[in-house]
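Encoded as structure tokens, the structure appears first; notes follow it.
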Amino acid sequence: LKDSEETNHAPGKAARVNSYWKPDVCPVTGRQFFMWIEHETLGYVPTYGGPFDSYTIPTRDSSGEFSCERYDHDLGGWVGGEFIGLYLIDDDEQCRVCELEERIAGLEAREVTLPPTFWYEHDDLSRDIPVLDKRLVKKAIRAAGIKVKES
């Protein structure tokens, strides 16, 4: 009897859920609305994507990363959350990102111009050996703004 009561109430609840407001497009991912699905902890939620997998609207965690729950229609159930690779950062963090990008560009633009090579003729070998003066190499590296660690 109880099962039949739940069955009788389910269509009414589904009809009410279908009348709930939801975005036609996920505001974070841009996926199209697919269907309402009952989630074990969230209740009925709008899902986006489909037809093989449906996703909830992503939510932000304490670190600022967004994730969403995924419903696998082939399995017929929720299979857990997925990070979507999106972070919310504040203006200070954006400034730090810009500063780091500028610093990286500066580091990538550095060049070291090595001093000229002179050739050393070795008596035991049939060829000359190219030689660089270690002091001049260090000087060229330092001129490019790179620290030289002495060993």
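Odds and ends about this structure:
- Candidate set: the range 56-72, residues that are at pLDDT 90 or above, of a type in the set (Ser, Thr, Tyr) and closer than 23 Å to ILE89 by Cα; chosen: the one farthest from the chain's Cα centre (by Cα): THR56
- So GLU111, is it among the acidic types (Asp, Glu) and assigned by TED's automatic domain parsing to the domain that holds LYS22: no
- Options LEU132, LEU100, LEU107, LEU114: the member that is farther than 30 Å from ILE37 by Cβ and either in contact with a helix residue (DSSP H, G or I) (Cβ under 6 Å, 6 or more places away or on another chain) or small (Gly, Ala, Ser) (or both): LEU114
- Every residue from the range 39-93 that is free of Cβ contacts under 8 Å to residues at least 12 places away in the same chain, closer than 26 Å to ARG16 by Cα and among the polar types (S, T, N, Q): THR41, THR59
- Considered as a group, the residues in the range 38-48 that are hydroxyl-bearing (Ser, Thr, Tyr) and outside any loop (DSSP other than H, G, I, E, B) include one that is surrounded by the fewest Cβ atoms within 10 Å (Cβ to Cβ), and that residue is TYR44.
The values are calculated or read from the model by the stated rules, or taken from the named source; none is laboratory data. Just so it is clear, the model here is predicted, and its values are computed rather than measured. When we count neighbours, we look across all protein chains shown, and the Cβ atoms used for this are built from the backbone with ideal geometry, even at glycine.
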